[in-house]
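The next block holds one structure in the form of structure tokens; read it before the comments.
The values are calculated or read from the model by the stated rules, or taken from the named source; none is laboratory data. Being a predicted model, the structure only gives us computed values, none of them experimental. Backbone-built Cβ (ideal geometry, glycine too); neighbour counts: all protein chains shown. Areas reflect the complete protein model, heavy atoms only, side chains present, ligands, DNA and RNA absent. Shrake-Rupley method; radii C 1.70, N 1.55, O 1.52, S 1.80 Å.
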Amino acid sequence: MFPKKTARGKKTFPGSRRSLEDMDFWSLVKILDAETSYRVRTDAAIAAGLGGLIPCYTCGQYHHFKDMDCGHMITRKFFGTRWKREILRPQCTSCNLYHEGRHTEFRKRLVAEIGEARMQTLEQYAQVYGHTHPDRLLLIEQIQELRKENNRRRKEEPWRT
């Protein structure tokens, strides 16, 4: 097997794990998306207390948290709000993917929770800071923080009743 060079020029071999520091920006984004999604879905599972079953935020159908998506009120292209848990809720794949997030219902429910003023503030924040890519070191720090909590959750399974 031939070694490959990482973004920082270090050699790695196929099958070996790269450290976060050696990953490129988009790889870090993908990992942070996955860790954030897990956190949002397990938060809902813990709150529901139904052994891992949670309702879809927009249609209300119950599914196991592992079969749900992490729905974003504001599209993920806006990095300013992409990982703000305040606007993230579990959604079934039907609502999130096939019905494009059901944004009208999503927004209506979220406004009922956090208020119209806070919703408008978040939408403005997304517009102002939205397309600015966050610093790699900030992404790494957020991943490490979420992984620590998520790994504890994976071991303990606190959503089980």
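Of note:
- GLY101 vs. criteria under 29 Å from ILE140 (Cβ atoms) and part of a strand (DSSP E or B): no
- Hits in segment 46-72 (condition: part of a loop (DSSP other than H, G, I, E, B), without any contact (Cβ under 8 Å) to a residue 40 or more places away in the chain and open to solvent by 20 Å² or more (accessible area, probe 1.4 Å)): GLY60, GLN61
- Residue check: ALA34 meets all listed conditions (1) over 23 Å from ARG136 (Cα atoms); (2) open to solvent by 20 Å² or more (accessible area, probe 1.4 Å); (3) outside any loop (DSSP other than H, G, I, E, B); (4) at pLDDT 95 or above but one, namely (1).
- Scanning segment 120-145 for residues that are aliphatic (A, V, I, L, M) and without any contact (Cβ under 8 Å) to a residue 24 or more places away in the chain turns up LEU137, LEU138.
- Selection over segment 75-125 of residues that are open to solvent by 50 Å² or more (accessible area, probe 1.4 Å) and aliphatic (A, V, I, L, M) gives a count of 3.
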